[in-house]
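The values are calculated or read from the model by the stated rules, or taken from the named source; none is laboratory data. Because the structure is a prediction, the values reported are computed rather than measured. All Cβ positions, even for glycine, are placed from backbone atoms using ideal geometry, and neighbour counts span all protein chains on display. Surface accessibility is based on the protein's heavy atoms, side chains included, excluding ligands, DNA and RNA. Shrake-Rupley method; radii C 1.70, N 1.55, O 1.52, S 1.80 Å.
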Amino acid sequence: MQLDRDDERILAGEQGETKQKMLELIVALGKVFGAERLVPIKSAQVSGASYKTIGEYGLQWLTSLDAKAIVPAVLNPIGMPRERWEEMGVDPDFAAKQQAVVAAYERLGIALECTCTPYYLRETSFGDHLAWSESSAVSYANSVIGARTNREGGPGALAAALVGKTPCYGLHLEEKRKPQVIVRVEADTRNWDISHYGALGYHAGKLVGNRIPFFSGLESATPERLKGLGAAMAATGAVALYHVEGVTPEAAQGLFELSGLEVINVETGDVERLFKEIPVDAVAVGCPHCSPLELGEIAGLLKGKVVTMPFYVFASQGVIDRNQKTVDQIEKSGARVFADTCMVVSPVMEQYEAIMVNSGKALAYVPDMCAAVARIGTIAECVKVATE
Ligand code: F3S
């Protein structure tokens, strides 16, 4: 693998043991995947941030490191809101451990924005090389923005943040970004909201696995709906990049050769069968974290109403701060808008038996991660159920 002078110095230990080990990790990963060189990155997004998922060993490893990020880097959602954890009902022992994890990342120069939607906070552009690790963020960056990132593991993304480079293979390379299967949606999608796109992703992810799908027939795609589609496909499959005919930036260039690819047909019933009316004892929306537009929609639907069961809305702190009036409107109903965490990574959600969501990814993960039944509905249905 080609390495430059700076890389050689880091590998010789001239910038400390942590950076030396981190570059060794990057080079080893690159060799495994056949990378010929490293590529400088614009930003990193580091998973392995919730104490619920990394536990004591993860915390000990983080505290043993000593270096600083040299590119902008943010964290994945953690197990609780940094500010309002008591209000959310987080156990103080868990909170202390989670705060230690956050402090360890802060010492490494990782910004304490704990979110799966870093693209709402910092400009990310077509062609940017990134080292992001949360699967929905990776999918959005590659597909909707046209940036380039593999799905990094937590340590790989952290190493890239500290060294400023990642191995150049896979989705960093133009030739590895071409469609491998066509998903033809044979349904009237004009009235679909983000939950339908999530349900489509839930269904399609199982069929396409780790291939790059090219969607046709989506007539109502918006960035938020595509966010829901990609998040779900990354959960039930391993899709890190997809294209949508005439919509996503690489597909809009019209350069793809599609002849000879397998075609998977998806019909209305494949999506609608996932919308089951079962009783729930909580509602949780914002998977992936809400955009300003979604917060506005939720505020509008909750206006003048009072929730009769716990209603959680998740968004990044930066989006909350910039939309505080909208957040206040939502909270007037009794719903709560929490930053830094989500329905999957917070242990608080384990107290419920059945949770209603508007996300295909949450539909896939809530049963295992929260030991609860998951029901999917539109955001309007979520509000109706929570205010009946
Ligand atoms: Fe984000 Fe948590 Fe969903 S990390 S994509 S809100 S499971």
Name the single residue, out of those in region 233-264 being in contact with a strand residue (DSSP E or B) (Cβ under 8 Å, 6 or more places away or on another chain) and acidic (Asp, Glu), that is nearest to Gly127 (Cα to Cα).
Glu250
Here are some conditions: (1) on the phi > 0 side of the Ramachandran plot; (2) within 14 Å of the ligand (Cβ to nearest atom); (3) surrounded by fewer than 24 Cβ atoms within 10 Å (Cβ to Cβ). Ser291 meets all but one. Which one does it not meet?
(1)
Do we find a residue being assigned to a helix (DSSP H, G or I), away from the ligand (no atom under 11 Å from the Cβ), closer than 26 Å to Gln98 by Cα and open to solvent by 10 Å² or more (accessible area, probe 1.4 Å) anywhere in region 303-310?
no
Got a sec? Which helices (runs of 4 or more DSSP H) wholly within region 195-300 have at least 1 residues that are modelled with pLDDT of 95 or more and under 30 Å from Tyr352 (Cα atoms)?
223-236, 268-272
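Table: residues versus (1) within 20 Å of the chain's Cα centre (by Cα); (2) on the phi > 0 side of the Ramachandran plot; (3) without any contact (Cβ under 8 Å) to a residue 60 or more places away in the chain.
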position	(1), (2), (3)
Lys325	no, no, yes
Asp328	no, no, yes
Arg336	no, no, no
Val348	yes, no, no
Within region 327-366, take every residue that is within 16 Å of the ligand (Cβ to nearest atom) and in a strand (DSSP E or B) and give me the one that is farthest from Lys276 (Cα to Cα).
Ala339
Yes or no: Arg322 of a type outside the set (Gly, Ala, Ser), out of contact with any Asp or Glu (no Cβ under 7 Å at 6 or more places or on another chain) and under 24 Å from Met356 (Cα atoms)?
no
(1) away from the ligand (no atom under 16 Å from the Cβ); (2) open to solvent by 10 Å² or more (accessible area, probe 1.4 Å); (3) in contact with a helix residue (DSSP H, G or I) (Cβ under 6 Å, 6 or more places away or on another chain): which one isn't true of Ala299, the others all being true?
(2)
Just wondering, is there one or more residues in region 270-280 that are in contact (Cβ under 8 Å) with a residue 24 or more places away in the chain, farther than 30 Å from Arg177 by Cα, away from the ligand (no atom under 16 Å from the Cβ) and open to solvent by less than 10 Å² (accessible area, probe 1.4 Å)?
no
From Ala103, Ala35, Ala69, Ala96, which residue is more than 20 Å from the chain's Cα centre (by Cα), under 27 Å from Asp368 (Cβ atoms) and modelled with pLDDT of 95 or more?
Ala96
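Conditions tested, residue by residue: (1) touching a residue at least 24 places away in the same chain (Cβ under 8 Å); (2) among the polar types (S, T, N, Q).
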{"site": "Lys176", "(1), (2)": "no, no"}
{"site": "Gln180", "(1), (2)": "yes, yes"}
{"site": "Tyr202", "(1), (2)": "yes, no"}
{"site": "Gly209", "(1), (2)": "yes, no"}
{"site": "Phe214", "(1), (2)": "yes, no"}
{"site": "Gly230", "(1), (2)": "yes, no"}
{"site": "Ala234", "(1), (2)": "yes, no"}
{"site": "Ala238", "(1), (2)": "yes, no"}
{"site": "Val247", "(1), (2)": "yes, no"}
Give me a count of the residues in region 123-154 that are of a type in the set (Phe, Trp, Tyr) and open to solvent by 10 Å² or more (accessible area, probe 1.4 Å).
2
When residues of region 106-122 are filtered for being open to solvent by 50 Å² or more (accessible area, probe 1.4 Å) and at pLDDT below 95, how many remain?
1
By my count, strands (runs of 3 or more DSSP E) wholly in region 98-171 with at least 2 residues that are farther than 30 Å from Glu245 by Cβ are 111-114, 165-167
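Rundown of residues vs (1) over 14 Å from Val163 (Cα atoms); (2) of a type in the set (Ser, Thr, Tyr); (3) away from the ligand (no atom under 16 Å from the Cβ), yes/no style:
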residue: Thr18; (1), (2), (3): no, yes, yes
residue: Lys21; (1), (2), (3): no, no, yes
residue: Gln45; (1), (2), (3): no, no, no
residue: Gly58; (1), (2), (3): yes, no, yes
residue: Trp61; (1), (2), (3): yes, no, yes
residue: Pro72; (1), (2), (3): no, no, yes
residue: Pro77; (1), (2), (3): yes, no, no
residue: Lys97; (1), (2), (3): yes, no, yes
residue: Arg107; (1), (2), (3): yes, no, yes
